[in-house]
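Inspection log for the structure reproduced underneath, given as structure tokens.
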Amino acid sequence: MKEIENIELTYLSLDDYQELKVAMIEAYTNMPNSYWKESQISKLIDIFPEGQVVIKVNNQIAGCALSIIVEYDNFDENHTYKQITGNYTFNTHSPNGDMLYGIDIFIKPEFRGLRLGRRLYDYRKELSERFNLKGVAFGGRIPNYHKYSNKLSPKEYIAKVRRKEIDDPVLNFQVSNDFHPAKILKNYLEGDVASNDYAVLLEWDNIYYEKKSKKASIIKRIVRLGLIQWQMRPYSDFDELMHQAEYFIDAVSGYRSDFALFPEFFNAPLMADNNHLSEPEALRELAKHTSKIVLKFSELAISYNINIISGSMPEVIDNKLYNVGYLCRRDGTTERYEKLHVTPDEVKIWGMQRGTELKVFDTDCGKIGVLICYDVEFPELSRLLAQEGMDILFVPFLTDTQNGYSRVRNCAQARAIENECYVAIAGSVGNLPKVHNMDIQYAQSMVFTPCDFAFPVNGIKAEATPNTEMILIADVDIDLLRQLNQFGSVRNLRDRRTDIYELKKL
């Protein structure tokens, strides 16, 4: 081969046709007459010019990729090549379709080994992202299968190829480029004797795909978190406490935060007036403020254009005491979450009951979850939320000692790694000498990330000063989580052994 002076990826032009025809004939020596007619190439260029590209080495065609866009659900999962191409007319192409379908891709023999095929596949992936398509699909040949067809089924053959027991350079290359086998197709491509009339439906999922919405809205990809490290101090009344809460909401909103996170039981100072009562009675009196706080937070969420996570508060339902919180969205809607695991002290001192509902919340910044303090120490909960698409986990907490804080902190960081998500924790600091069972607090609010190349090496995006009243602002990039899921050094969510264990909600 001549010394390579330049490599260029460019759109296919009809002027390239004669050279393209020669290249196709050279590439498909085992399939006679396997080249596209000039009229067919002309139509592809006409209906979808962006989908037809060639790669040139020293201004000579070295390879080509042809594609169309299809409405994927219109085709049976056992479709044939003739069906997907509309009997080679490409009438199946739809500019409003949802899947990029690969019609042809090849590299001339003399240019193989230069990773040019990877460039063509990468272009298809980028094209899928640019057009907001679900992904890329195509029927992949298995040209070595005829050597094993008398003793192996296609499924067994593919399994052995993936285990590296059999070498299939085509299938190996496609799998190494992040395409996963979705289906074995019988009688896919007429005349493909080498594949024994079989093909493998290969797919690549576009992690950035967003379903088209009829609403004038958009899901944010860079999300700004505002964590409030709340100082416990005496307040004269409800209005003074809410004035302080609004001060912090105003502060994080001023930095254009998308979320404001309050700690667990941030309203505990209001218990001071009832310190003459028993602990359970005082907490039930505090619960009388909860509905007013939720109403006020909902108003503030709208007026300050921010989603507020209210930390947690006591709430009485059917004469039973629960630890709950509310997501107050900036569109005015509210949703409730519960503490599912209560600590031994919460049961013994307050008579607190365990909640029963675990759910993911949709927001204008994607899907989020909330676990209150002790709940983050149980990995099953966050894994269930991750399975439902959670990107950010918020953990309002209240700990009195550094030991208790360390349990919350270390478990929260583990949840970020194992669930490939961001975790934000916010707690209270200071003292409440006139409130039984809440006299001291220890906290350091933090934002944790997974540990991979796109994230901080220690998995900590931001951290507050311990035991100091302050706000913590941090930006998190949702798209980095999608990249991690596909290309991470390790892929905790994808590599779970669901063949030997299962986790599900009842």
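The values are calculated or read from the model by the stated rules, or taken from the named source; none is laboratory data. In this text, all values refer to a predicted model and were calculated from it rather than measured experimentally. As a convention, Cβ positions derive from the backbone with ideal geometry for all residues, glycine included, and neighbour counts pool all protein chains shown.
Of all the listed residues (Thr334, Thr399), the sole one being surrounded by fewer than 19 Cβ atoms within 10 Å (Cβ to Cβ), hydroxyl-bearing (Ser, Thr, Tyr), modelled with pLDDT of 95 or more and in contact with a helix residue (DSSP H, G or I) (Cβ under 6 Å, 6 or more places away or on another chain) is Thr334.
In summary, helices (runs of 4 or more DSSP H) completely within the range 227-346 and bearing 3 or more residues that are closer than 25 Å to Phe448 by Cβ and either hydrophobic (A, V, I, L, M, F, W, C) or touching a strand residue (DSSP E or B) at 6+ places or on another chain (Cβ under 9 Å) (or both) occur at 238-254. Taking the numbered list (1) more than 30 Å from Val22 (Cβ to Cβ); (2) part of a loop (DSSP other than H, G, I, E, B) in turn, Ile158 passes all entries but (2). Would you point out the residue of the range 21-58, among those that are of a type in the set (A, V, I, L, M, F, W, C), in a helix (DSSP H, G or I) and over 40 Å from the mean Cα position of the chain (by Cα), that is surrounded by the fewest Cβ atoms within 10 Å (Cβ to Cβ)? My answer is Val22. In this structure, Asp439 does not satisfy being assigned by TED's automatic domain parsing to the domain that holds Gln231, acidic (Asp, Glu) and modelled with pLDDT of 95 or more. Can you say whether Ile184 is part of a strand (DSSP E or B), aliphatic (A, V, I, L, M), over 22 Å from the mean Cα position of the chain (by Cα) and in the same structural domain as Val22 (by TED's automatic domain parsing), as far as the supplied structure shows? Yes: the conditions hold for Ile184. Annotation: of all residues in the range 353-386 being without any contact (Cβ under 8 Å) to a residue 60 or more places away in the chain and part of a loop (DSSP other than H, G, I, E, B), the one that is nearest to the chain's Cα centre (by Cα) is Val360.
Which of the following residues is modelled with pLDDT of 95 or more, touching a helix residue (DSSP H, G or I) at 6+ places or on another chain (Cβ under 9 Å) and surrounded by fewer than 22 Cβ atoms within 10 Å (Cβ to Cβ): Leu300, Leu295? From the options Leu300, Leu295, the qualifying one is Leu300. One residue stands out among those in the range 442-490 that are part of a strand (DSSP E or B) and farther than 25 Å from Asp250 by Cβ: the one that is farthest from the chain's Cα centre (by Cα), which is Ile460. With respect to Arg415, is the statement that it is at pLDDT 95 or above, surrounded by 24 or more Cβ atoms within 10 Å (Cβ to Cβ) and at negative phi true? Yes: the conditions hold for Arg415.
Just one of the numbered conditions (1) surrounded by fewer than 19 Cβ atoms within 10 Å (Cβ to Cβ); (2) over 16 Å from the mean Cα position of the chain (by Cα) is not true of Gly389: (2). With respect to the conditions (1) more than 24 Å from the chain's Cα centre (by Cα); (2) closer than 30 Å to Leu481 by Cα; (3) not small (Gly, Ala, Ser), Arg130 falls short on a single one, namely (1). Considering only the range 136-148, I want to know if a residue exists there that is over 24 Å from Ser34 (Cβ atoms) and either at pLDDT below 95 or in a loop (DSSP other than H, G, I, E, B) (or both). No, every residue in the range 136-148 fails to be over 24 Å from Ser34 (Cβ atoms) and either at pLDDT below 95 or in a loop (DSSP other than H, G, I, E, B) (or both). Taking the criterion of being of a type in the set (Val, Ile, Thr) and surrounded by 15 or more Cβ atoms within 10 Å (Cβ to Cβ), the residues of the range 89-119 that qualify are Thr92, Ile103, Ile105, Ile107. When the range 268-284 is filtered for residues that are surrounded by 15 or more Cβ atoms within 10 Å (Cβ to Cβ) and either farther than 15 Å from Leu432 by Cα or of a type in the set (Gly, Ala, Ser) (or both), the ones remaining, listed by number, are Ala268, Ala272, Ala282, Arg284.
Only residues that are under 31 Å from the mean Cα position of the chain (by Cα), surrounded by 14 or more Cβ atoms within 10 Å (Cβ to Cβ) and either at pLDDT 90 or above or not hydrophobic (A, V, I, L, M, F, W, C) (or both): list them for the range 161-178, please. Residues satisfying the conditions are Arg162, Asn172, Gln174, Asn177, Asp178.
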